[in-house]
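A quick write-up on the structure given underneath.
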Amino acid sequence: MKIALFGATGATGIHFAQQALEQDHEIVAIIRSPQNIPESLKTNLNFQTVHASIFSPSDLAGHLKNVDAVVSCLGYRGSEAWPLRTMKFYYPSAKAIIQAMKEAKKRRFVAITMWCTEPEPDQSLWSKFLFRLFLGRYQDDMRAMEKYVDTEREHIDFTIVRPPFLNDLPPTDVDFTTCPGRMFVPGCLAYISRADVARYMLCCLRDTTTIGQTIALGM
């Protein structure tokens, strides 16, 4: 499978690319800067990079014409994440990617958001408070992204993965616990490795039962 990968210079994206290449997939990494890409990826014949703006459908469409699927591991770190700032990253980038996919006539899309983009009735008040305090703008922007992607289900075969907090531990072979349609996975740890998230996203590409679903992920 030939996969267009967004966020290939981030930790989750690097894990995804490495695991996909190990399974003999091809990666087209759509990036702004090659500085953070490991040398092992740069020298792999099945890994190529192209430069484009993630907010410009016209920039992106041409790079998607010869791929089988599109994966977004995009993440954001910066001052816009704090509660008094408005974040405009996840929704506008997803909108541009999907518009480019439609122009290129591509359907399969797997992306990542996070747990609790909206509160749930059985979520504790303390959890709701902490998420809102520290991740409120992430929640708003990611939820806008999720809602937009859902409106495009006629044109896009999407899977959105909602993991808990991410860490940098190595991948495991532990089975995943998933809750389609839920904002979190009750009884699971509130953290997961980026490598395991990448492993699950790669599984989703092969699993057609995940199409059209937004899935809370846990272990």
For the range 142-159, how many residues meet the condition of being within 15 Å of the chain's Cα centre (by Cα), part of a helix (DSSP H, G or I) and not aromatic (F, W, Y)? 8
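With the requirement that a residue be closer than 15 Å to P171 by Cβ, in contact with a strand residue (DSSP E or B) (Cβ under 9 Å, 6 or more places away or on another chain) and touching a residue at least 60 places away in the same chain (Cβ under 8 Å), what does the range 188-197 give you? Show your work before the answer.
Filtering the range 188-197 down to residues closer than 15 Å to P171 by Cβ leaves 191-197.
Next, from what is left, pick out any that are in contact with a strand residue (DSSP E or B) (Cβ under 9 Å, 6 or more places away or on another chain): 191-194, 196-197.
Within the range 188-197, R194, V197 meet the criteria.
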Kindly indicate whether V185 is of a type in the set (A, V, I, L, M), modelled with pLDDT under 95 and touching a strand residue (DSSP E or B) at 6+ places or on another chain (Cβ under 6 Å). yes
So which pairs qualify, if the first residue must be in the range 1-22 and assigned to a helix (DSSP H, G or I), the second must be surrounded by 24 or more Cβ atoms within 10 Å (Cβ to Cβ) and of a type in the set (D, E), the Cβ gap must be under 9 Å, and the two must be at least 6 apart or on different chains? none
Inside the range 160-178, can you point out the residues that are outside any loop (DSSP other than H, G, I, E, B) and modelled with pLDDT under 95? F165, L166
Any idea which of (1) assigned to a loop (DSSP other than H, G, I, E, B); (2) farther than 16 Å from E118 by Cα; (3) not charged (D, E, K, R) is the one T209 doesn't satisfy? (1)
Does any residue of the range 78-88 turn out to be without any contact (Cβ under 8 Å) to a residue 60 or more places away in the chain, surrounded by 13 or more Cβ atoms within 10 Å (Cβ to Cβ) and assigned to a helix (DSSP H, G or I)? yes
In the range 24-47, the residues that are exposed (fewer than 14 other Cβ atoms within 10 Å of the Cβ) and either in a strand (DSSP E or B) or without any contact (Cβ under 8 Å) to a residue 24 or more places away in the chain (or both): D24, R32, E39, S40, K42, T43, L45
Which numbered condition A111 misses (of (1) modelled with pLDDT of 95 or more; (2) part of a loop (DSSP other than H, G, I, E, B)): (2)
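The values are calculated or read from the model by the stated rules, or taken from the named source; none is laboratory data. Everything quoted here is computed from the prediction, not taken from an experiment. Note that we place each Cβ from the backbone using ideal geometry, even for glycine, and neighbour counts take in every protein chain shown.
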